Number of protein chains: 4
Amino acid sequence: MTTVKDSVHDYIELCPTAEALLDTAAMQRLRYVRQLSTVQLVYPSANHTRFEHSLGVYHLASRAVDQLGLEADLADRLRAAALVHDVGHGPFGHQTEAAIERHLGRHHDEIEWLLADTELGDVLEDRGLDPREIAATVDGRGPLGELVSGTLDVDRMDYLVRDAHHTGVPYGTIDHSRLLYALRVVDGELALEDGTVATAESALIARTLMNATVYRHHVSRIAGAMLDRASERLLVDDVFDPEAFARLTDAELLAAFEDHDPTADFATRIRERDLYKRALWARREAVPEDVVGLEYDRTRTVEREIADAAGVDSSAVIVDSPSEPTSPESRAKILVDGDVRRLEERSALVAGLDACAREVWRLGVYAPEEHLDDVRAAASTILAVETDATR
Amino acid sequence: MTTVKDSVHDYIELCPTAEALLDTAAMQRLRYVRQLSTVQLVYPSANHTRFEHSLGVYHLASRAVDQLGLEADLADRLRAAALVHDVGHGPFGHQTEAAIERHLGRHHDEIEWLLADTELGDVLEDRGLDPREIAATVDGRGPLGELVSGTLDVDRMDYLVRDAHHTGVPYGTIDHSRLLYALRVVDGELALEDGTVATAESALIARTLMNATVYRHHVSRIAGAMLDRASERLLVDDVFDPEAFARLTDAELLAAFEDHDPTADFATRIRERDLYKRALWARREAVPEDVVGLEYDRTRTVEREIADAAGVDSSAVIVDSPSEPTSPESRAKILVDGDVRRLEERSALVAGLDACAREVWRLGVYAPEEHLDDVRAAASTILAVETDATR
Amino acid sequence: MTTVKDSVHDYIELCPTAEALLDTAAMQRLRYVRQLSTVQLVYPSANHTRFEHSLGVYHLASRAVDQLGLEADLADRLRAAALVHDVGHGPFGHQTEAAIERHLGRHHDEIEWLLADTELGDVLEDRGLDPREIAATVDGRGPLGELVSGTLDVDRMDYLVRDAHHTGVPYGTIDHSRLLYALRVVDGELALEDGTVATAESALIARTLMNATVYRHHVSRIAGAMLDRASERLLVDDVFDPEAFARLTDAELLAAFEDHDPTADFATRIRERDLYKRALWARREAVPEDVVGLEYDRTRTVEREIADAAGVDSSAVIVDSPSEPTSPESRAKILVDGDVRRLEERSALVAGLDACAREVWRLGVYAPEEHLDDVRAAASTILAVETDATR
Amino acid sequence: MTTVKDSVHDYIELCPTAEALLDTAAMQRLRYVRQLSTVQLVYPSANHTRFEHSLGVYHLASRAVDQLGLEADLADRLRAAALVHDVGHGPFGHQTEAAIERHLGRHHDEIEWLLADTELGDVLEDRGLDPREIAATVDGRGPLGELVSGTLDVDRMDYLVRDAHHTGVPYGTIDHSRLLYALRVVDGELALEDGTVATAESALIARTLMNATVYRHHVSRIAGAMLDRASERLLVDDVFDPEAFARLTDAELLAAFEDHDPTADFATRIRERDLYKRALWARREAVPEDVVGLEYDRTRTVEREIADAAGVDSSAVIVDSPSEPTSPESRAKILVDGDVRRLEERSALVAGLDACAREVWRLGVYAPEEHLDDVRAAASTILAVETDATR
């Protein structure tokens, strides 16, 4: 048996299909895409990649299909989908996701185009696996696709633990073994067995705390916003077509920024950690309803308005107003006296965690250090944000 | 410098006072009192003792006083109090606490009697420390006594991490370094610095999850209830006077049960893990208001009534109806724009966690396996508990 | 499936036989026998028990039999033997082993007497397992008995890792998964597959380092020697017959010492960590050949001679001269180009580790603090040990 | 106090000088140089960087200077040197080191050129630190320079633990706290205090085991040899001058290979993990004396001869014959009865570990898979290596 040593799950046993898939260029590329993109600018140890995460998700899927006693064909499909579930990620993962969606029209979970007439697709077919079924599973569709992408998926179980291990933050250490033991298939769908509300809550808590301390850290959000604007420019300027863009590595994207005049400054700033700073950083209650979750086009318009008012170049203002947080885990199914319920119906904690997530929400306006005051003044006027609530 | 190796904090550096205190019989006794009493019957690795926990609390207190830059005298007092804070615990810690309070009239945090004219008191005096001040500090009184016993105390910071490490449960892994860095002294009182709500919440979450999975596990509650009844009998029968009782070790108490006819059966049952079972196990909503948090005398009366109705010996029925949970951490002080506030005012999560704690609350009625049906029937009638809600 | 949470191996899955065996009083007793006996007097966190270690050994045996693809009957036998392998241990494990052997004539691995007409034996028979075969396996005899007791046994794999985890010492952290993957059955015997010399060496290194820092720590050796002398006295004075003695728990033995006048002082000294000190502590090269590995009767004679010469009571002198160390792991079988060899033939490190083990060897003579000088003078004369080499 | 969270040492406290140094481009570049270069091709989790390692070395240096009670000036210098000790590393660290030395004439520890008239040098001077003294310290010269680069340096203490943490291999987990506590300054030089031979040996053992399982893994050696040949080509072809080359990141080097025809194939092979394979892999005893530790020029000549004989392109043969291993740690100073000795004089283990290191030595000849047989035949003739000893 081939095994590979992982710092989180110790030895991971690879089936022959997994070995063949790992040998493809598409999978090897994931060694060069950091799992937490720019979080390493805050937590310097967070340099783990989507490659090792993919191995971890494969490992948990293997354990789950054994535990559930699934038939061989379905088990093969779920394992393979788990392994390749992240091949659709562009450089810097989630941080270029929106730019790719705008130009490519596809989410990173839609990977059918990466499996049609490709080395990866060929390996799947050679092994008797249908690329379209694998693509559907990665997207959470088809039989037990939710194991790979759903409210109780093994993706989440791996990344919470792995991100905690590598940042050094203790909050993500969920009991993934306990979650796996609790999985049941009920009418073809995954549910947690009776009496495991606390186990399910713990995963929800872990994500809430990791959001607050890691995933939504302002330094990483600023770097991410800068990456988005530079990526947009690269795509608008046709430096890459969207499909090629989506297959770059982190370093290749930075190099491309560097080589393209309008984005060169962004490259240097990210590489030298000389990021934009917060001109505005406002809690939910200080922000007018219509400025929450700004659409992209409106965001860019507002940025230009602020830049004009502040008398700076429009690339010197970034507005970052995320949607209000949602919590997919709260819709996880759980058995109560034999009936399938949603976790949120059974858990007194879900509402509190949702409130907690809203608490962490912030509107950010970012600018180079030398323009902070001007941009702050302009932005608070234009966005109608109460300026004494900027922390 | 003398150091001692700890499985949680690695090396702990001991000051000369700590060394002298550790050499007393009262401190050495804590090697024979398990930190989590009967939790080892559920989590077999949970055999850590109050001795190593005391070292851990001392270590965190040392770090805190350094961090806060306290003057030498106060620092000495806080360190010494942290080290001896648990000498007042009887055998099996919290599980004989109620029995000791009923007969001795003192809580385990009231240790003045253990420091007056004792070896431990002499060591303190030799080192220029006032035993009464140390006793007050252990009880949370006096300057910064809350560091040892309060809403942000180092006791809690140690036990959450230590209990997680030894049970293998991942939920208690709080970021104690972060908490220590966040401590401030404001007008002579401890508060967390601005912007650390999430850090404070994480400790609260940790305790809520540890309650649900470890501290309130039904097997440990049953064993604890059995220990309480047997202890009461020993004290009522004058086998020990309360002060001598309070200084037994775990094993000495079990041996005493074994040697005393009316409690011998309890000893065997605990030692061989042949415990009473749940005749009734009811959620909060199924239990009438007046049966929640039953006082001791009323509990014993009800037990006798149930036993009579079920036709069994009164020692064969144990009623266990804890008070509703409270959460001292939610009253922790935290700075918000320079003002001291309570965590519960600032945290959207506190209410959810309180609800979660209520969710975990259960009324239990326990009995030997052979009497379960009879006791269940009698108990549900006498306590007016809806019997279809027994899980 | 029933699982139990372990701080070392996370969840351990229990087969029905294991559950039934664990429910016996003989297995439950192991909760009250510390794995590292008096090592906790040096490493305060080392309070783990033979109970959790037994679970760990069972777990590794389960993994090994799966890995090796053994037939069901043999697998059942090996698992059961792994679980009960330590029931023969007396109180304080190895530290009363010599006393028990002198009086009972049996080593702790010879457990047939504990399986004949006992609750434990009955459970085995009910499950279709032959108690004599189980006893043979525990003793390392019969088909693959060496998996439970041999040069590559799962006992060692568990205790090295577990003892490291609980002491906090990092040296025992062997890669037990790697060792399990490397196991092969060749002509009915266990051997490591080709190319795994380094893996085998690492286990040997781990034990050598754990010996030096933990197992042979002088404080634990002194406490162990005191336990041996007190146990001998108890047995000579017929306070217990040897079979009853062998089934005591740690605490019961201390209590028995306390209740018996000639041993009461030992009990207090151990409990309050007020141990004898080193009057002599000599390296191998300073000790005459005939004083190395002194037999018991000769040891006691020499103690009396030293006591007479020093003018102290004979119980105030303890001579502790262990045999020269051996290293069973060095005889582990390993495949080299398809042939079975011994590790020592293939490893350049074995000789170095043997030398290292000799380096750690010490002759100790222990006495109460107030008699150290007198006993040192007498002992160095009588044992002809060069006194300037006492460290 | 500014702190940064590290996955190995938890919070690291930064002094203002450290903060300023970290803000330079030279230090930020280390975020993009993997600590273990191509080891991630074997251990996929090993993606930690020289940036976080630098923080770790700084942290251990801080602890050491506190422990030793050094005066402020020397402490500042040692801390600063510890932080910048790796700025001299080229892309892929040790794997391009030889190529850089051949062309630049400087070892990575000689960093004076990187501190003269550079941003980094300016920061040092602004803080009152002499860049030349810092450079000397990094090179192990000057007062206590050996703390940063010597037989007992904090570099080693960090990397062993960090590399173990990130590969998942348990062998590097040395007790660095114990080593720090044991450090003494004797006549201006570092030595370990009396009685700590075992502690020193443990570090030596850790490196020996990490060598065998991680640092000298054949896959990483092959990738490293390929990087060396491609780097040589890049430098010979003047694509970069040596100083610019030495300041590339890992990804920039791969991109440069890709852009340069003669090295493009190497880039693809490394990126897609489609490496050369072992045509020959011979133990020390099968290799003639004059082929051990081949000089570079001779190596290239031999490669051409083998290529000619095998009828393949000369870039299709890589000969890798390292020098015999040395063990600097064995010369660590240690106090014995007040005298300074070398560890090798006092440790019975050093010779065994040296033998063990020789045991791990291999001569490798690597080639593309399709040429393995031809290259093997040619190489064994030309190098006079006994071919039946190729494992």
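The values are calculated or read from the model by the stated rules, or taken from the named source; none is laboratory data. Being a predicted model, the structure only gives us computed values, none of them experimental. A quick note on method: Cβ atoms are made from the backbone with ideal geometry, for glycine too, and the neighbour counts reach across all protein chains shown.
Laid out as a table, the results:
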| item | result |
| --- | --- |
| Residue match in segment D:350-368 (condition: in contact (Cβ under 8 Å) with a residue 12 or more places away in the chain and over 27 Å from the mean Cα position of the chain (by Cα)) | no |
| Exclusive hit being over 25 Å from residue A:39 (Cβ atoms), more than 17 Å from the chain's Cα centre (by Cα) and of a type outside the set (Lys, Arg), set D:73, D:23 | D:73 |
| Which listed residue, of A:120, A:115, A:152, A:129, is assigned by TED's automatic domain parsing to the domain that holds residue A:68, in contact with a strand residue (DSSP E or B) (Cβ under 8 Å, 6 or more places away or on another chain) and surrounded by 17 or more Cβ atoms within 10 Å (Cβ to Cβ) | A:152 |
| Yes/no for residue A:144 being on the phi > 0 side of the Ramachandran plot, in contact with an Asp or Glu (Cβ under 9 Å, 6 or more places away or on another chain) and crowded, with 20+ Cβ neighbours inside 10 Å | yes |
| Qualifying residue in segment B:79-86 (condition: among the small types (Gly, Ala, Ser), crowded, with 24+ Cβ neighbours inside 10 Å, farther than 18 Å from residue B:148 by Cα and more than 14 Å from chain C (Cβ to nearest Cβ)) | no |
| Residue A:10, sole failed condition from (1) facing chain D (nearest Cβ under 10 Å); (2) surrounded by fewer than 18 Cβ atoms within 10 Å (Cβ to Cβ); (3) at negative phi | (3) |
| Of all residues in segment A:179-197 being surrounded by fewer than 21 Cβ atoms within 10 Å (Cβ to Cβ) and at the interface with chain B (Cβ under 9 Å from one of its Cβ atoms), the one that is nearest to residue D:3 (Cα to Cα) | A:195 |
| Unique match (being touching a Gly at 6+ places or on another chain (Cβ under 8 Å), within 14 Å of another protein chain (Cβ to nearest Cβ) and not polar (S, T, N, Q)) among D:138, D:161, D:148, D:123 | D:161 |
| Residue list for segment C:237-262, filter: away from every other protein chain (no Cβ under 14 Å), farther than 13 Å from residue C:101 by Cα and in a helix (DSSP H, G or I) | C:244, C:261, C:262 |
| Count of segment A:350-365 residues which are in contact with a Ser or Thr (Cβ under 8 Å, 6 or more places away or on another chain) and either away from every other protein chain (no Cβ under 12 Å) or surrounded by fewer than 16 Cβ atoms within 10 Å (Cβ to Cβ) (or both) | 2 |
| Of the criteria (1) in contact (Cβ under 8 Å) with a residue 24 or more places away in the chain; (2) within 14 Å of another protein chain (Cβ to nearest Cβ), which one residue A:170 fails | (1) |
| Verdict on residue D:106 being more than 14 Å from chain A (Cβ to nearest Cβ), among the basic types (Lys, Arg) and more than 16 Å from residue D:157 (Cα to Cα) | yes |
| Given (1) polar (S, T, N, Q); (2) surrounded by fewer than 24 Cβ atoms within 10 Å (Cβ to Cβ); (3) out of contact with any Asp or Glu (no Cβ under 7 Å at 6 or more places or on another chain); (4) not in a helix (DSSP H, G or I), index of the condition residue B:3 fails | (3) |
| Those residues of segment C:134-149 which are charged (D, E, K, R) and either outside the structural domain of residue C:188 (by TED's automatic domain parsing) or in contact (Cβ under 8 Å) with a residue 12 or more places away in the chain (or both), in sequence order | C:139, C:146 |
| Hits in segment B:63-111 (condition: more than 30 Å from residue B:184 (Cβ to Cβ) and assigned to a helix (DSSP H, G or I)) | B:94, B:95, B:96, B:97, B:98, B:99, B:100, B:101, B:102, B:103, B:104 |
| Total residues in segment B:13-47, condition facing chain C (nearest Cβ under 10 Å), in a loop (DSSP other than H, G, I, E, B) and over 14 Å from residue B:214 (Cα atoms) | 2 |
| Qualifying position, being over 30 Å from residue B:384 (Cα atoms), touching a residue at least 40 places away in the same chain (Cβ under 8 Å) and in contact with a Ser or Thr (Cβ under 9 Å, 6 or more places away or on another chain), among B:266, B:245 | B:245 |
| Unmet criterion (only one of (1) in a helix (DSSP H, G or I); (2) more than 30 Å from residue D:198 (Cβ to Cβ); (3) of a type in the set (A, V, I, L, M, F, W, C)) for residue D:363 | (1) |
| Residue C:62 vs. criteria touching a Cys at 6+ places or on another chain (Cβ under 9 Å), crowded, with 21+ Cβ neighbours inside 10 Å and more than 8 Å from every other protein chain (Cβ to nearest Cβ) | yes |
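One line per residue, one yes/no per condition, for (1) surrounded by fewer than 20 Cβ atoms within 10 Å (Cβ to Cβ); (2) touching an Asp or Glu at 6+ places or on another chain (Cβ under 8 Å):
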residue	(1), (2)
C:203	no, yes
C:208	no, no
C:212	no, no
C:218	yes, no
C:221	no, yes
C:230	no, no
C:233	yes, no
C:236	yes, no
C:244	yes, no
